[in-house]
Amino acid sequence: MTSPTSKHRRNRRWPHAVLAGAVVLGGSLLGPQALSGDASAAPAVKAWPDKADGFASLGGGTTGGAGGKTVTVTSFGDLEKYATAADPYVIKVGGAIKYPEKGHEVRVASNKTIIGVGTKGEIVGGGFFLKKGVKNVIIRNLTIRDTRMPDDDPGDDSYDYDAIQIDTADHIWIDHNRLERMNDGLIDSRKDTTNLTVSWNIINENNKTFGIGWTDNVTARMTIHHNWFRGTKARNPSIDNVANAHLYNNYLENTGSGNWSRASPTP
């Protein structure tokens, strides 16, 4: 297996078990929001890395909208306008943006950074979709939450409302987000998405959590590290048909399953 080269925004309350265990490492705290515990026992917090590690760091790295204009958005219209634009942008989400249509997924174009401002950046009632051919996207420091439908079946089969769905995209970095309570996947890395790094996220309260695969090809490469899976049932993650996958220092709490790795269709 080929090994790639390998300011936290919220200083809140953390579970003692996590502070003493795998989720705090090298003085860094995971994720954008805390859930319980006492932060006074935490080690000194290091600044966030400004570059992706893992497979997203290879082949020139994942730089998102670097070099493009920086804009701050607080409305759905502006978020969609800049996220779907052809030009590179660093898009700062400066408040809680509620989608007008529940389950809508903004079609993110190449060369974008979408990042929350402080503790304010929230995507409520929808998510993001990265289609085939999209490259070089960073999604960071956001809470993406709440598309559950009261009439859905327990298997989340009636509504395909993901937090982040990625279909054959390349060089993607999903870092320091909180993803929760969606009416399908929190992250679906589908088809031949490759050079993906998913790091330091809180992945919370969901059924079908993090699915990888939906392809007969074995070409994808991805790194998944320092994520906190909490109160999730299936796919934590479920990996199907990838060439290389690095999973390390993830913390699973009250999950219905562990990590799956196989070469068969994802259930």
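The values are calculated or read from the model by the stated rules, or taken from the named source; none is laboratory data. On a predicted model such as this, the values are computed, not experimentally measured, just so you know. Cβ coordinates were reconstructed from backbone atoms using ideal geometry, including for glycine residues, and neighbour counts include every protein chain displayed.
What the table below lists for this structure:
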{"read-out": "Of all residues in segment 110-124 being surrounded by fewer than 22 Cβ atoms within 10 Å (Cβ to Cβ) and among the small types (Gly, Ala, Ser), the one that is modelled with the highest pLDDT", "value": "Ser110"}
{"read-out": "All positions within segment 179-193 that are surrounded by fewer than 24 Cβ atoms within 10 Å (Cβ to Cβ) and not in a loop (DSSP other than H, G, I, E, B)", "value": "Glu180, Arg190"}
{"read-out": "Phe76 of a type outside the set (Gly, Ala, Ser), more than 16 Å from the chain's Cα centre (by Cα) and on the phi < 0 side of the Ramachandran plot", "value": "yes"}
{"read-out": "Number of positions in segment 250-262 that are in a loop (DSSP other than H, G, I, E, B), surrounded by 17 or more Cβ atoms within 10 Å (Cβ to Cβ) and at pLDDT 95 or above", "value": "2"}
{"read-out": "Qualifying residue in segment 214-224 (condition: surrounded by fewer than 24 Cβ atoms within 10 Å (Cβ to Cβ), outside any strand (DSSP E or B) and of a type in the set (A, V, I, L, M))", "value": "yes"}
{"read-out": "Residue tally, condition buried (at least 18 other Cβ atoms within 10 Å of the Cβ), in contact with a helix residue (DSSP H, G or I) (Cβ under 8 Å, 6 or more places away or on another chain) and closer than 18 Å to Thr147 by Cβ, over segment 75-101", "value": "3"}
{"read-out": "Residues located in segment 138-172, provided they are within 16 Å of Gly121 (Cβ to Cβ) and part of a strand (DSSP E or B)", "value": "Ile138, Ile139, Arg140, Thr143, Ile144, Arg145, Ile164"}
{"read-out": "Some residue of segment 235-242 being more than 12 Å from the chain's Cα centre (by Cα), surrounded by fewer than 24 Cβ atoms within 10 Å (Cβ to Cβ) and among the hydroxyl-bearing types (Ser, Thr, Tyr)", "value": "yes"}
{"read-out": "Boolean, Asn141 is of a type outside the set (Gly, Ala, Ser) and touching a Pro at 6+ places or on another chain (Cβ under 6 Å)", "value": "yes"}
{"read-out": "Those residues of segment 225-234 which are buried (at least 20 other Cβ atoms within 10 Å of the Cβ) and part of a strand (DSSP E or B), in sequence order", "value": "Trp228, Phe229, Arg230, Thr232, Ala234"}
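Here is a yes/no grid of residues against (1) of a type outside the set (A, V, I, L, M); (2) under 17 Å from Thr113 (Cα atoms); (3) at pLDDT 95 or above:
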site: Leu130; (1), (2), (3): no, yes, yes
site: Asp157; (1), (2), (3): yes, no, no
site: Asp184; (1), (2), (3): yes, no, no
site: Ile203; (1), (2), (3): no, no, yes
